[in-house]
Structures are given as C-alpha cells and as structure tokens.
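Working notes, beginning with the structure itself.
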Amino acid sequence: MNPRPLLSFASIALLAALPLPASNLLSGNAARTGSASYPGTTSKAPATGRIETGATYTYLTGETANTGIGNTDPDILKMDSGSSRLVDGYNERVGNTAIYSAWQGRHGATIVFDLKQPHNVNRVSVSVREDANRGAATFQAFVSTDGVTYAPLGTWDGAKTPLDATEADPGRNTEITIAPPAPAAARYVKIFLSHWDTTHTSRHYRQLVIGEIAIWGDPR
C-alpha cells in the first residue's frame, strides 16, 4: 500500500486518544532486557519485530545557537562522537549511555538517520530525561527519500508518557512520540529536539538529555 500524502508542518502528529500502530523497529537499536532497556519492554507501543536496515545516524552542525533545526550542542557531539549512544538499547536511566547538552545551552540537537533504503515510516519515539530542570520542549521529525529534500513527518504534541514505571522516580524518564495518521516513505529521518520552546513558556528547561531514539515502520 502506498503511503498517503504527508501532513503539513503544523500538523500535530500524535493523537493520544488513538492507539499507536504496531510496526517493525527500523533504527537498529541494540536488543536489551531489563528496566533500563529501550525500546524493548519500556516502549508504550507494540512492535511486530525488527528489520535489520543497517541504519546509521549523524548530527548536523550547520547553524548557530538559537536558530533551531540544523545544529547540535557541542557537548552532545563530544559525548556521542562515535554516533552510537542513541541506539545502544538503553534509555536515560543508565546515565553513561545518554547524551547531555550544555547546561542552559541553546543549540538543541539535530540528528539524521539513514535507513539505507526507503521504508514506510509510521513512528519516531525518543526516551528523554524529565524533571524540573531537564526535559524536551520541542520535538519535530522530517523525512526524505534522497537526503536533500525533506518534508515534515509531524510535530510532537507535548503529551508525556512515563517510562520505567517500576523504578523509584518513574516521572524522570518519558517517551515522546510522533506518529502520523499515515506512513511516509523515507530513507532519511531528520529529528530536531530542544529544551526550549518560544511558543510554549511552560516548556523551558536548562538541559536536554536524550537516552535513545527509535524509528518504526514497515518495508515498502
């Protein structure tokens, strides 16, 4: 089945009242078990399996601070110089596998995943730390078949779902998700995260902490 046309940039991608679709893991996250694993048992959406795409990811650094999409905090670049922590199978709970922005930095993080060939992408999820000083304020995803021209997959609606519910402080980790109503053809998935949002004053944090990113979908 061919995917329907993409949503406009302003579309809200995750409708909390609707169940998230079951699909295959495309991003190559390491398979782990236990309360700190992700996107294993702690993901709030079902998976039918995984497709070994050989996916890799890189960070974009082409813009200056405060300009949003296209740049990445220098501290994040240092912590994940091998581009592996976002798919190591652990969420933020295991601190030395997460990545941290500078305290009160204003670069955010722009990550581009290469799935090596086009797939029908129907969900992008991120595990982030959430407390009084740390959190995600902005989360946007874009898709491309050629790595040059991108179209919006969706914008996170601000709803937070706790992870690690059996641990001491379950509100610290959250899973935030973009899931459009129809899958989108994509080889490349560009993700932008920040800990500030100029349009929502309640979403201002001092630091962005990302534990894991997972991309879901099916073969074309």
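Against the criterion of being farther than 21 Å from Thr56 by Cα, surrounded by fewer than 16 Cβ atoms within 10 Å (Cβ to Cβ) and modelled with pLDDT of 90 or more, Pro219 does not qualify. It is to be established whether one or more residues within region 4-23 are within 18 Å of Val189 (Cβ to Cβ), within 17 Å of the chain's Cα centre (by Cα), modelled with pLDDT of 60 or more and in a loop (DSSP other than H, G, I, E, B). No. Taking the criterion of being part of a loop (DSSP other than H, G, I, E, B) and either at pLDDT 90 or above or surrounded by fewer than 17 Cβ atoms within 10 Å (Cβ to Cβ) (or both), the residues of region 68-89 that qualify are Gly70, Thr72, Asp73, Asp80, Ser81, Gly82, Ser83, Ser84, Asp88. Does Glu92 count as surrounded by 18 or more Cβ atoms within 10 Å (Cβ to Cβ), among the charged types (D, E, K, R), modelled with pLDDT under 90 and outside any strand (DSSP E or B)? Here the answer is yes, as Glu92 does meet what is asked. Looking at His204, His107, His119, His200, just one residue is buried (at least 20 other Cβ atoms within 10 Å of the Cβ) and assigned to a loop (DSSP other than H, G, I, E, B), and that residue is His107. In this entry, Leu115 is excluded by the filter for residues that are modelled with pLDDT under 95 and more than 14 Å from the chain's Cα centre (by Cα). Please verify whether region 140-157 includes one or more residues that are in contact (Cβ under 8 Å) with a residue 40 or more places away in the chain, in a loop (DSSP other than H, G, I, E, B) and touching a Lys or Arg at 6+ places or on another chain (Cβ under 6 Å). Within region 140-157 (the criterion being in contact (Cβ under 8 Å) with a residue 40 or more places away in the chain, in a loop (DSSP other than H, G, I, E, B) and touching a Lys or Arg at 6+ places or on another chain (Cβ under 6 Å)), the answer is yes, since at least one residue qualifies.
Do we have any residue at all in region 53-67 that's outside any strand (DSSP E or B), touching a Lys or Arg at 6+ places or on another chain (Cβ under 7 Å) and modelled with pLDDT under 95? Yes - at least one qualifying residue is present in region 53-67.
The values are calculated or read from the model by the stated rules, or taken from the named source; none is laboratory data. Worth saying up front: this structure is predicted, and the values here are computed from it rather than measured. As a convention, Cβ positions derive from the backbone with ideal geometry for all residues, glycine included, and neighbour counts pool all protein chains shown.
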